[in-house]
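Below is one structure; the comments refer to it alone.
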Amino acid sequence: MKNICKFIADYMGILVLVVSIAALMWPEVLGQIKPTVINPLLGLVMFGMGLTLHLEDFRIVFSRPKDVIIGCLAQFTVMPLLAWALGKIFSLDEALAVGVILVGCCPGGTASNVITYLAKGDLALSVGMTGVSTLLAPLLTPLLVWLLAGKSVDVDVVSMFLSILWVVILPIVAGLAVKQLWPRQTERAVDYLPALSSVVICTIVAIIIAANASKLLSGGTVIIAVVILHNLCGLSFGYLISRLLGMTTAKRRAVAIEVGMQNSGLASSLATLHFATYPMATIPGAIFSVWHNLSGAVIARWFARKA
């Protein structure tokens, strides 16, 4: 069973791609699942993340605050501004532009720690950045979305703040609490959690793509190009900024991966909840989920070979 779970976790990017293609080809199958299940599924992923965290992981915030601050500043400036700029450059319609901005304003992705580890980057910094950016998300994500998209669409900042608390923060806190109360039982489950998270993320992506399959097939080329550029530019700028600031190679890799890999599942969830009148706003998050796992696997292999 552990070998199967390891296979699922190691090849998550390929599995997401396969599931996405299947959802495009047979949307009627997964299209019957209502998008309202996305929030509980994402909460399950966040709960699993909480189970894998240690309170010691957050000590880096106090022992190396400069590194964490640099990483989080890059996270919440580079990706939001890139999202806004790409929307303008490619003249995206309101729904797709909002979706791209949502992706850019979300915290680091849950898979970034695994990719950083495989890339031989600074894992402690990666975990610290993910934790801090996730804790900042209830405040910064709604605020940034309002600043960048508030002129074109109605953004309910308070409602979005509460959604992130319920879907992200509370499940993580619950996971940390369970880990503290039942450490032995939790340790036994840790080996299976990456595979469970991978399966859940695949399900979320498939539901979103199946619900918008016809629209994606008819005009998805531009948004796919935007999502790819968003991710690649985020990875590049993250590395460049950390290099200019004199960070070590291992730290550069961690910052680049944290900046470039977003919690795109959260972006799709927020789009479903708060931009129901713009159904295509969920699409950028779904495509990003597929692409950043593929690009993350490639960049991890490349960095590891250089190391």
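Could you please find all residues in segment 239-268 being in contact with a helix residue (DSSP H, G or I) (Cβ under 7 Å, 6 or more places away or on another chain), more than 21 Å from Thr134 (Cβ to Cβ) and not aliphatic (A, V, I, L, M)?
Residues satisfying the conditions are Tyr239, Arg243, Arg252.
Just for segment 62-84: of the residues that are among the aromatic types (Phe, Trp, Tyr) and at pLDDT 95 or above, which one is farthest from Ile101 (Cα to Cα)?
Within segment 62-84, the match that is farthest from Ile101 (Cα to Cα) is Phe76.
If we scan segment 62-69, do we find a residue that is charged (D, E, K, R), touching a helix residue (DSSP H, G or I) at 6+ places or on another chain (Cβ under 8 Å) and surrounded by 19 or more Cβ atoms within 10 Å (Cβ to Cβ)?
Yes, segment 62-69 has at least one match.
For segment 82-97, which residues satisfy the criterion of being under 12 Å from Ser152 (Cα atoms) and within 16 Å of the chain's Cα centre (by Cα)?
The answer is none; no residue qualifies.
Against the definition (in a helix (DSSP H, G or I), of a type outside the set (Gly, Ala, Ser) and either in contact with a Gly (Cβ under 7 Å, 6 or more places away or on another chain) or within 22 Å of Val167 (Cβ to Cβ) (or both)), how does Thr282 come out, yes or no?
The answer is yes for Thr282.
Against the definition (in contact with a Leu (Cβ under 9 Å, 6 or more places away or on another chain), buried (at least 22 other Cβ atoms within 10 Å of the Cβ) and part of a helix (DSSP H, G or I)), how does Leu229 come out, yes or no?
no
Kindly indicate the residue of segment 1-37 that is within 24 Å of the chain's Cα centre (by Cα) and in a loop (DSSP other than H, G, I, E, B) and also surrounded by the most Cβ atoms within 10 Å (Cβ to Cβ) among those meeting that condition.
If we take residues in segment 1-37 being within 24 Å of the chain's Cα centre (by Cα) and in a loop (DSSP other than H, G, I, E, B), then Gly31 is surrounded by the most Cβ atoms within 10 Å (Cβ to Cβ).
The values are calculated or read from the model by the stated rules, or taken from the named source; none is laboratory data. Everything numeric here is computed off the predicted structure, so don't read it as measured data. In this analysis, Cβ positions are derived from the backbone assuming ideal geometry, glycine residues included, and neighbour counts consider all displayed protein chains.
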